[in-house]
Amino acid sequence: MKINSNTTSQSETSTVPYTLGDMEQGAACCIPVPHIEVENLSVAYQGKIVLEDVSLNINKGCITALIGPSGCGKTSLLSSLNRLTDLIPGSQMQGKVHIDGVDVRDPQLDVMTLRRKVGMIFQKPNPFPLSIRRNIEMPLREHGVKQRGELEARVTTALQDVGLWDEVRDRLDTPALSLSGGQQQRLCIARALALEPAILLMDEPCSALDPIASVVVEELIHSLRNRYTVVIVTHNLAQARRVANYAAFFWMTGRVGKLIEFGRCQSLFDSPSHDLTAAYVTGVSG
Amino acid sequence: MFKQPARYSDVMLTLLVWLATLLVVGLFAWLVGDLILHGYSKLNLAFLLDVPQNAGREGGIAPILVSTLLILAVALLATLPLGLATAVYLSEYTNGALANGIRMSLNILAGVPSIVFGLFGNALFCIWLGMGFSIWSGGLTLACMMLPLFISTTESGLSAVTNEWRHGAAALGLSHTAALWQVLLPAASPAITAGLMLSIGRALAETAALIFTSGYVDRMPTSLSDSGRALSVHIYDLSMNVTGGDASAYGSALVLIITLMVISGIAVGLTNRFLSQRITPS
Amino acid sequence: MIWSRHNTSSPLRADATLARVTGSLAMAVAVLLGLVILLLIRESWGMLVDGGWVRFFDSEGWYPQRGQFDLLPMLWATLAASLGALLIALPLGMMSAVFSRFYAPGWMVSSLRRVMMLLAGIPSVVYGLWGLTVLVPLIAQWEPPGASLLAAILILALMVLPTVALTSEAALAAVSPASLQGAAALGLSRKGIVLGVALPEARAGIMTGALLAALRALGETMAVLMVAGNVVQTPGSVFDSVRVLTANIALEMPYAIGDHRAALFATGLMLMLIVTLLSWLAGRREELAHV
């Protein structure tokens, strides 16, 4: 079944078809324009609340880091942005999430298109057990790109973007699983980029990699600034400082994750308003 | 603290344990050795290609091999689609009431004696559905017996493939169907095939269920509605009902065992390949 | 603010079709068990209603042509054969598992397991063939006729041994290294560790294996049919020829009609109920073990 970039959801009634439209690639980050607006978001799994009452705006073209100890709901926040929480049985969402003004939870919304526009990179690299080429081509085909020429072009561009092209150009048809961890992660990023998303969600993308691979991936993330809106969960505070424009600090209060402070990365680290933030970023606690 | 002389009870247990194992291995060697001894003289191409003569005492087992293959083919025709579909269903709706009900009923079916399946197959396929003693009846009865094993191994193969790829595919905006078809099923295919091999192995070893459904006729079958004799049934007939049929029985048993060993070897090889595929170098 | 549930499947038509197709095929499989039970009941109806089933216990022997359906001798034979087999297979199987896990040199372990798996895969007719041509004459030399309860017990023991050995080995492998190391640190000898720590901790898994073995022994038809002699009598000694319930069905089905046929189906139903009970028990143990 072909799914073009402007496909609509299969609705029974004759309402106006709804899409996210073609989003502009991010503007320069120094002009803060909200891309994702989160308002009073709470997430619960099987009745247990993991994230409560989070409100923040992710700005276009900027890299926003979500920091804080494990279990504070950072991954849950990420998963609700592309409705990946749908896959978790018993998950419930409350509050509003708007991307470019469109409510992510609108029943008219085509979730497939949402997830194409909002790509996700996981902590553990998960390339499919297919060849390198097919890893990138297959999602493109499923989303309606059928022409040989265009497929080839997009595969090449994606691999060049992540710096893998030179390393794999003569073995595109070998299994993706034979790549090293760092290469696999970059392949996953390439795979997401090939779909031409506007937003990239990254859940601790470097934590499963060795230090050298980590550096390569981090540099790649840095290069994504201004072209994409990136939300990255990271435990590595130094990484957050290096890479992010904005930072959001989460903490567990009463067994529930809450957003403590949000602001420009520089000011959050150098002059945090909240005591907890200060304690965390100086390594005193957490 | 110097080395103590071994205590009596320690020595006893060690002895017992070694003896037990030696006994078990010895019995196994006796059985297999006996089989080979008495059966290998029959292992030649003529045996596999000739028709049985003199009630099976001489000649070969060609029609029986054909019948066995046909019965297996019918069984697979029914088992594969039903089994795959059910396993996919179970892995997608893991906790639904229907899913749990199916799992429980399959568990029970897995333990049902084969003679009971013989009764069931006879009543349902031979009589109710009027197929009589035929390869159809035998194959479909075998399918009922193979389903529990095949479904459970396929389901666990699919679950092992698991969330990383499932979530990864969803995050890329792929539908369930696309994810299944393009990623999950291919990734699970070694495990699925291994499960299939195991089920085939079980089917080939089956005798009691086939006696009452596909029958005894040892002529070459001309259609699927003909009665046909499976290899295991042939062994039974030769040893119980045909005096002097022992040599052929042993020969047939050896053919059966060798086939089963090859099949289980494939199953093990596939399982290992499946498992090693999961290990990603970092 | 309304909580919205987001654990439904994707809205695409392809996914909906998939759900429908797999769902309906799965339903077909779901009814299989029900179908089996239904058919068994239907075919055995004649013997079950109007107190007909009493004939299973108060008849004068098994003479189907005369309407006598005393099951008791065969019931005893079945129980004796299965229990005897378990009495032999359980200790032997457990000990070889203990050997494999705690005493065997490394290179032996995988070969042993492979031997067990091969044994587990040998068809029952082949066991029966060997029993008939080797075991029975051997027993006959000791005490005729040879085709006897003893032969059945020995063959069944050989058949369920791999099941016991493999599940016991898995259960022992699941014993936490922490327990074993703790025991060793306390200065326990190998025997002490095995008997005092490993076996008790693996008890649940071993019992499940025993239940599965019992299941297999009770349901076995061909091998027992071929070596037990098939005379309907309550066994007085292990050298008596006996007929077990499963073998009875196999022997008489080809020519049974009317009440006789119903009686055979009823035996099948009974076997099925016993097996279901045992399966359920084994399942419960697994659940409890994981709690």
Considering only the stretch B:138-156, I want to know if a residue exists there that is within 22 Å of the chain's Cα centre (by Cα) and farther than 18 Å from B:SER199 by Cβ. no
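Which residues, taken from the stretch A:231-257, are closer than 18 Å to A:ASP203 by Cα and in a strand (DSSP E or B)?
So in the stretch A:231-257, the residues closer than 18 Å to A:ASP203 by Cα come out as A:231-251, A:257.
Listed by number, the residues that qualify are A:VAL231, A:ILE232, A:VAL233, A:TYR246, A:ALA247, A:ALA248, A:PHE249, A:PHE250, A:TRP251, A:GLY257.
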Listed residues B:GLY111, B:GLY56; which is buried (at least 17 other Cβ atoms within 10 Å of the Cβ), at positive phi and of a type outside the set (Ser, Thr, Tyr)? B:GLY56
Return the residues of the stretch B:63-86 that are facing chain C (nearest Cβ under 9 Å) and either of a type in the set (A, V, I, L, M, F, W, C) or more than 15 Å from the chain's Cα centre (by Cα) (or both); say none if nothing qualifies. B:PRO81, B:LEU82, B:LEU84, B:ALA85, B:THR86
Given (1) within 30 Å of C:SER124 (Cα to Cα); (2) surrounded by 18 or more Cβ atoms within 10 Å (Cβ to Cβ), index of the condition C:ALA170 fails: (2)
Can you name every one of the helices (runs of 4 or more DSSP H) wholly within the stretch B:160-249 that holds 3 or more residues which are at pLDDT below 85 and more than 11 Å from chain C (Cβ to nearest Cβ)? B:185-205
Based on this model, can you work out whether A:ASN57 counts as at pLDDT 90 or above, facing chain B (nearest Cβ under 10 Å) and under 20 Å from the mean Cα position of the chain (by Cα)? no
Just to be sure I understand, how many residues within the stretch A:99-135 are in a helix (DSSP H, G or I), over 15 Å from A:ASN82 (Cβ atoms) and within 10 Å of another protein chain (Cβ to nearest Cβ)? 2
Of the residues A:MET93, A:MET138, which single one is touching a residue at least 40 places away in the same chain (Cβ under 8 Å) and crowded, with 17+ Cβ neighbours inside 10 Å? A:MET93
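Please go through the stretch C:21-35 and give me each residue that is among the polar types (S, T, N, Q) and more than 7 Å from every other protein chain (Cβ to nearest Cβ), ordered by number.
Of everything in the stretch C:21-35, just one residue is among the polar types (S, T, N, Q) and more than 7 Å from every other protein chain (Cβ to nearest Cβ), namely C:SER24.
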Sort out for me the helices (runs of 4 or more DSSP H) sitting completely within the stretch C:196-276 that have 2 or more residues that are among the charged types (D, E, K, R). C:203-219
Filter pass, C:ALA247 being touching a strand residue (DSSP E or B) at 6+ places or on another chain (Cβ under 8 Å) and either assigned by TED's automatic domain parsing to the domain that holds C:ALA171 or under 18 Å from B:SER239 (Cα atoms) (or both): no
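Quick grid of which residues meet (1) of a type in the set (A, V, I, L, M); (2) touching a Gly at 6+ places or on another chain (Cβ under 7 Å); (3) more than 30 Å from C:ILE155 (Cα to Cα):
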residue: B:GLY33; (1), (2), (3): no, no, no
residue: B:LEU49; (1), (2), (3): yes, yes, yes
residue: B:ARG57; (1), (2), (3): no, yes, no
residue: B:LEU76; (1), (2), (3): yes, no, yes
residue: B:GLY101; (1), (2), (3): no, no, yes
residue: B:VAL116; (1), (2), (3): yes, yes, no
residue: B:PHE120; (1), (2), (3): no, no, no
What residue, among those in the stretch C:239-269 that are more than 20 Å from the chain's Cα centre (by Cα) and closer than 15 Å to C:ILE153 by Cα, is nearest to the other protein chains (Cβ to nearest Cβ)? C:SER241
Over the stretch C:36-54, the set of residues away from every other protein chain (no Cβ under 14 Å) and of a type in the set (Asp, Glu) is C:ASP50
In this structure, is C:GLY236 away from chain B (no Cβ under 12 Å), surrounded by fewer than 16 Cβ atoms within 10 Å (Cβ to Cβ) and without any contact (Cβ under 8 Å) to a residue 24 or more places away in the chain? yes
Residue check: is B:VAL17 at pLDDT 80 or above, under 24 Å from C:MET117 (Cα atoms) and within 29 Å of the chain's Cα centre (by Cα)? no
Regarding the stretch B:32-43, can at least one residue be identified that is within 14 Å of chain C (Cβ to nearest Cβ), hydroxyl-bearing (Ser, Thr, Tyr) and assigned to a helix (DSSP H, G or I)? no
Quick one: count up the residues across the stretch A:35-54 that are under 20 Å from the mean Cα position of the chain (by Cα), at pLDDT below 90 and surrounded by fewer than 16 Cβ atoms within 10 Å (Cβ to Cβ). 0
Taking the stretch B:3-31 and keeping residues at the interface with another protein chain (Cβ under 9 Å from one of its Cβ atoms) and basic (Lys, Arg) leaves B:ARG7
Determine which single condition C:VAL291 fails, assuming it passes every other condition in (1) at pLDDT 85 or above; (2) surrounded by fewer than 20 Cβ atoms within 10 Å (Cβ to Cβ); (3) among the aliphatic types (A, V, I, L, M). (1)
All positions within the stretch A:202-224 that are surrounded by fewer than 19 Cβ atoms within 10 Å (Cβ to Cβ) and either within 13 Å of chain B (Cβ to nearest Cβ) or within 13 Å of the chain's Cα centre (by Cα) (or both): A:SER207, A:ALA208, A:ASP210, A:PRO211, A:ILE212
Residues satisfying the stated conditions in the stretch C:9-20, i.e. within 7 Å of another protein chain (Cβ to nearest Cβ) and either modelled with pLDDT of 85 or more or loosely packed, with under 13 Cβ neighbours inside 10 Å (or both): C:ARG13
Residues that are under 27 Å from C:VAL136 (Cα atoms) and in a helix (DSSP H, G or I): does the stretch B:1-10 have at least one? no
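The values are calculated or read from the model by the stated rules, or taken from the named source; none is laboratory data. Note that this is a predicted model, so its numbers are computed, not measured. Heads up, the Cβs are rebuilt from the backbone with ideal geometry, glycines too, and the neighbour counts pull from every protein chain shown.
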